[in-house]
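Laboratory data are not the source of any read-out in this text; all were calculated from the coordinates shown. All of these numbers come straight from a predicted model, not from anything done at the bench. In this analysis, Cβ positions are derived from the backbone assuming ideal geometry, glycine residues included, and neighbour counts consider all displayed protein chains.
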Amino acid sequence: MKISWDEKTCIHSAKCVENLPSVFKVQDGKFVIIQDGASAAEIRRVVGLCPSGALSVS
Ligand code: SF4
């Protein structure tokens with residue numbers, strides 16, 4: 001599974017970093033995604049919380 005993030009679509013609501021910080025985090029001012037930081041089910045759940053549609057899994 002691969003998590004993708006569309007920077008232009010993101011509205012910086014921080015739902016992802018608040019709900020799954022083992023995967024979605026800000027390091028040195030940059031948004032990073034730890035692809036294997038949680039189970040596929042957890043990742044899908046939190047991707048579904050993104051209000052802008054900037055996150056997707058494939
Ligand atoms: S939840 Fe979606 S809109 Fe909010 S910061 Fe994360 S990627 Fe951006």
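The set of residues in region 32-51 that are free of Cβ contacts under 8 Å to residues at least 12 places away in the same chain, within 12 Å of Ile3 (Cβ to Cβ) and not in a loop (DSSP other than H, G, I, E, B) contains only Val32.
Could you say whether any residue in region 10-18 is charged (D, E, K, R) and in contact (Cβ under 8 Å) with a residue 12 or more places away in the chain? Reasoning before the result, please.
From region 10-18, those charged (D, E, K, R) are 15, 18; that's our starting set.
Now restrict to residues that are in contact (Cβ under 8 Å) with a residue 12 or more places away in the chain: 15.
The answer is yes, given that some residue of region 10-18 is charged (D, E, K, R) and in contact (Cβ under 8 Å) with a residue 12 or more places away in the chain.
Can you pull out the residues in region 19-31 that are of a type outside the set (Ser, Thr, Tyr) and either near the ligand (Cβ under 10 Å from one of its atoms) or surrounded by 11 or more Cβ atoms within 10 Å (Cβ to Cβ) (or both)? Asn19, Leu20, Pro21, Val23, Phe24, Lys25, Val26, Phe31, listed by residue number. Would you pick out the residues in region 8-18 that are part of a helix (DSSP H, G or I) and within 8 Å of the ligand (Cβ to nearest atom)? Hits for region 8-18 are Lys15, Cys16, Val17.
Selection of region 19-31 for residues being under 11 Å from the mean Cα position of the chain (by Cα) and either of a type outside the set (D, E, K, R) or in a loop (DSSP other than H, G, I, E, B) (or both) yields Asn19, Leu20, Pro21, Ser22, Val23, Phe24, Val26, Phe31.
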